[in-house]
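Report on one structure; see the data block that follows.
The values are calculated or read from the model by the stated rules, or taken from the named source; none is laboratory data. Everything numeric in this text was worked out from a predicted model, so none of it was measured. Because the Cβ atoms are built from the backbone with ideal geometry, glycine has one as well, and the counts that use them run over all protein chains shown. Side chains included, ligands, DNA and RNA excluded: accessible areas come from the protein's heavy atoms. Shrake-Rupley method; radii C 1.70, N 1.55, O 1.52, S 1.80 Å.
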Amino acid sequence: MELFSTKLIIISVFLLIVTTIETLAYSTRLSGARVGLIASALSLFNTMIIVSRFSTMFQQPMTGKLIGEAPKVNTLDFIQDQYRILIGVTTIGVCVGILLFPTFIAIFSRAITQLSEEKGSIFSVIKKWSNKQGLQKVIACIRLPRLSYLKGINRRTFPKRIFVINAIITSIYTVGVLAALYASVIVPAKYAPAAIMSSGIINGVATILLTLFVDPKASVLADQVVKKQNKYVYLKSHSFAMVSSKLVGTVLAQILFIPAALYIAWFAHWI
């Protein structure tokens, strides 16, 4: 059986798009601070996150089906290789998001302004951009990544604590579902449902940690920048820390994958 099956390719494309969207969501606060509309920026940020999370709900059952289609010989190695490919795809998705970051800062700056003008109607904004004139505006926003964008970011402005926390959270969130599915294969059949359902606990904990330790800091910092109580470079440094730590987190996920699966297998026995 081929490692790169049609289903794996479809899941990979799905995962690539979702991860890119999640990465680009971090640019909304920068765009909001630029145009002075933080509340509208947060609305756009939450919309993008919800869309990506909802999309993940469709991708997960397909990922689980890979187990049923695995060959009877070397089953564990085959599944592990396929899941590691999916983790690698998330890394690629983050890289694509980073490359598109400058472009989407410009796009979101316009979108946030129009969202405010349209009284919060996402569909009205999409309708305005879904024509030839809207496409021309998107093309005009294209920006290539440059080292000059990192100007002002240094050891003093870079949030090291946020970087470490977000890298850990990202690594946990990246392997949560995959490790739970893999654990369901290595445990006795009667413990498999418990192992699979553990993914919800893992991702839930990661989401709570993100909400408690990362998101509030970014929101407060964006408000301070708009009110001229802090410099824009600090918000830019924070956004750079978020996307770079997300990249590191997906790489770290490759190391955590098997230990996480073994821990979930133990938890499924213990519970």
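Observations
- Extension gain for the segment Ile142 to Cys95, taken as residue separation times 0.36 nm less the Cα-Cα distance, is 15.2 nm to one decimal.
- Radius ratio Rg over Rh of the stretch 1-118, counting only Cα atoms, Kirkwood formula for Rh: 1.14
- Whole-percent carbon and sulfur share, accessible surface of the stretch 1-154, 1.4 Å: 66 percent
- Couplings for the stretch 224-235, taken from phi via the Karplus curve 6.51 cos²θ - 1.76 cosθ + 1.60 with θ = phi - 60°, read 5, 5, 5, 7, 6, 8, 8, 8, 4, 4, 5, 5 Hz in order; Gly and Pro are left as x.
- For the chain, the per residue solvent-accessible surface stands at 53 Å², with DNA, RNA and ligands left out and a 1.4 Å probe.
- Using the Cβ-Cβ distance between Trp266 and Arg156 with R0 set to 30 Å, the FRET efficiency from 1/(1 + (r/R0)^6) comes to roughly 0.10.
- With the simple model of a label 7 Å out from the Cα in the direction of the Cβ, Val51 to Leu210 spans 1.6 nm.
- Taking every Cα-Cα distance in the chain and sorting them into 10 Å bins starting at zero, the pair-distance distribution P(r) comes out as 7, 27, 31, 21, 11, 3, 0 percent.
- Of all accessible heavy-atom area on the stretch 161-218, the percent that carbon and sulfur account for (1.4 Å): 77 percent
- Three-way shape label, the stretch 64-123, alpha-carbon gyration tensor, a/c 1.5: oblate
- Normalised Debye scattering of the stretch 107-167 at q = 0.18, 0.25 Å⁻¹ gives log10 I(q)/I(0) of -0.79, -0.96, counting only Cα atoms as equal scatterers and leaving out solvent.
- Cα gyration tensor shape of the stretch 184-271, rounded if a/c is under 1.5, else prolate or oblate by comparing a/b with b/c: prolate
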